[in-house]
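Below is one structure; the comments refer to it alone.
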Amino acid sequence: MKPFKSLVQAALFVTLAGCSSNPMTGRSQLTLVPEKSVIAQSVSAYKAELAPHAKKGKLNDDERVVRRVRAITDRLVAQAVRYRPDSASWAWEVNVIDDPKTLNAFCMPGGKMAIYTGLIDKLKATDDEIAQVMGHEIGHALANHGAEKMSVGMMSDILVSAIGGRYQQASQMAALVAWQLPNSRGAETEADRIGIELAARAGYDPDAAPRLWQKMKEASGEKGRFDLLSTHPASDTRMEELAALAPHMRPLYAEAAKNPATLPTRLAANVRDVTPGDGPASHAVAPAALRPLALVNPAYERFRGGEAVLECENCALSFSNRAGKLKTLDASGDWESLAREVLDVGYSQDIAWYYLGRAAEGQGLRDAARRYYQHAANLARHKETHCKGLFTDLCNGIRLPEQAETALARLGK
Ligand SMILES: [Zn+2]
């Protein structure tokens, strides 16, 4: 049973050492490797990737294309640092590889980007479409997918050595998992979501996102081995999800279009530091009040409109895991975070609705607050309150339905 024991130890090690929350979406992700070292490794990988092209005189050889690509990525990066202010210290860089046969683009951890002319030429890509590709690639970097990928590879190594040769099948499966991760739907969906939003804020049409993938799909007949399409299936699901996101992005796009003068259009130098807060909102917000932007979340928008959906009946445990955090957010008046946390769990009981009432009231959304308090009061009055669980008090001393009814009285009809 010795291999089993070490397998358990390995799994425990991985669990204890490697779970962190995704810097963009909050999703729990495996990171055995610090992002810093992934970035350091990417710098040399980037140099190695570009060197042969430079040698052949195929790097940035068309000034017009280079200027076009840099203008687009500069606007995207200016938005990226608003979501992850720490990425302002990255040495962002973009280069154009003159290779009309290859339909590809990438952004390595740390912001080292490249685009192949094949992508632009074969797709006859517009600026809006180039912005979607580069936004997607930047999304991978911001969401630290590189570290995640590497960690899964490491984990499979650990498991393989722990399991030993007798368990060949299991080890092959672990390796397969690592191999498949670059294409994992989770990471791809995250990058799609981040990309379309960065692009919209940078003034690029969100409807170009599904259009781009449609073009990719049409181009897929002639795909080469190193094409983006080999890791990025242009599936109907992807296009449908992007099309569903587009309406949520249009207000951001419209806002950016209103203030085109505030969008950076030129790179002073290819490698540079970007100041957090660049972009349309930076004039309106005092530096001290700057907090990283959160991704647009359709569930949060529904909440603001009084149409929040909480449907999870069996989420008492995950809700109780966050009970302390919810209490702190409530006490500190961080209403946006409070609502996002509650929506994230989706627990459908009275206390969750009460917190949504608090979050809505705190933001001055009186109608929405009334609905949520009313729902909390109804549940607590007519079913049973879930505040006094058998083993835990999920409510941190909040009394329901009383406090919901007091709040309703306070808000009036
Ligand atoms: Zn991707």
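Read the figures in this text as sums done on the coordinates, not as results from a lab. Since this is a predicted model, take the numbers as computed values, not measurements. With ideal geometry, Cβ positions are generated from the backbone for all residues, glycine too; neighbour counts draw on all protein chains shown.
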5 angstrom amide H check on residue 95, placed H, neighbours 5+ away: 113, 114, 115
Sorted on mean Cβ neighbours within 10 Å (highest first), peptides 203-216, 36-49, 91-104 come out as 203-216, 91-104, 36-49
log₁₀ of I(q)/I(0) at q = 0.09, 0.12, 0.17, 0.21 Å⁻¹ - the stretch 298-411, Debye sum with one point per alpha carbon: -0.18, -0.33, -0.71, -1.14
Taking 0.36 nm per residue of separation between residue 220 and residue 36 and subtracting their Cα-Cα distance, the length gained on full extension comes to 62.7 nm
Work out, step by step, the length gained on full extension between residue 295 and residue 65: first 0.36 nm times the residue separation, then minus their alpha carbon distance; give nm to one decimal. 79.8 nm
So residue 334 and residue 28, fully extended at 0.36 nm per residue minus their Cα-Cα distance, gain in nm 108.0 nm
For the pair residue 381/residue 237, report the inter-label distance in nm, with labels modelled 7 Å from Cα in the Cβ direction. 4.4 nm
